[in-house]
Amino acid sequence: MRILGLAGWSGSGKTTLLTRLIPALTDLGISVSTIKHAHHRFDIDTPGKDSYEHRRAGAMEVMVTSANRWALMHENRDHGEPDMDALVARMSRVDLLLIEGFKSYPHDKLEVHRPAVGKPLLATEDDSIVAIATDAKLSDISVPVLELDNIPGIADFIVTHCKLSGSAENGATE
């Protein structure tokens, strides 16, 4: 399974780019999953629902399932956030796992950069950044610079960089 991260400051457009890239990649026959890092407390469950009550009562894991989907909620309790390797190990195998966030993890990353956000480039301090997708002209950059709105171009870069071949790798279990 290939892994590529999308890194950038808050407000740079990581989620927007990701939601545009996923259909472009799946149209190429590449199976894609994602991991999203949240920097704040979050909840995907609703107070009053049975699954919420199970967790509130002390269950470490609660699985909710239906004919359309299933979700597993795991409470970290006093154990802290799992590391990236542990999280990746829980994911089903796909051709490409896209990770939004986790800037400090040393996997290859595509930086999403918008100068309007007012933050510096991450690539100048992070050797794991393999390209930058931006809406600005950049100079003195040692990695490829991709036009942020050129989704087919960014998808092509990802396919080449990650050595993906589309439907031939679909369902790969390497």
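Values quoted throughout were computed directly from the atomic coordinates according to the rules given, and no laboratory measurement underlies them. All values derive from a computational prediction rather than experimental measurement. Quick reminder, even Gly has a Cβ in these numbers, built from the backbone with ideal geometry, and neighbours come from all protein chains shown.
Quick notes
- Against the main long axis of the alpha-carbon atoms of the chain, helix 14-27 sits at an angle near 90°.
- Rounded to whole Hz, the Karplus (6.51, -1.76, 1.60) HN-Hα couplings of the range 43-56, x for glycine and proline: 9, 9, 10, 10, x, x, 6, 4, 5, 4, 5, 4, 5, 4
- Normalising the average separation of contacting C-alpha pairs (under 8 angstrom, six or more residues apart) by the number of residues puts the relative contact order of the chain at 35 percent.
- Between helix 151-161 and the chain: long-axis angle, C-alpha atoms, 0 to 90°, nearest 10: 90
- Estimated dipole of the chain in Debye, rounded to 20 [Cβ of Lys and Arg +1, of Asp and Glu -1, Cα centre]: 340
- Remark on Thr34: its backbone amide H falls under 5 Å from those of Leu98, a criterion applied only to residues 5 or more positions apart or on other chains, H modelled at 1.01 Å from N.
- Over the chain, the reciprocal of the mean inverse Cα-Cα separation, the Kirkwood hydrodynamic radius, stands at 17.8 Å.
- Rounded if a/c under 1.5, otherwise prolate or oblate - the range 7-75, Cα gyration tensor axes: oblate
- With K and R counted +1 and D and E -1, the other residues having a Cβ less than 12 Å from that of Arg20 yield a net charge of -1.
- Loop-resident chymotrypsin sites (Phe, Trp or Tyr not before Pro) (DSSP state other than H, G, I, E or B) in the range 1-59 with no more than 10 further Cβ atoms inside 10 Å of their Cβ: Phe42.
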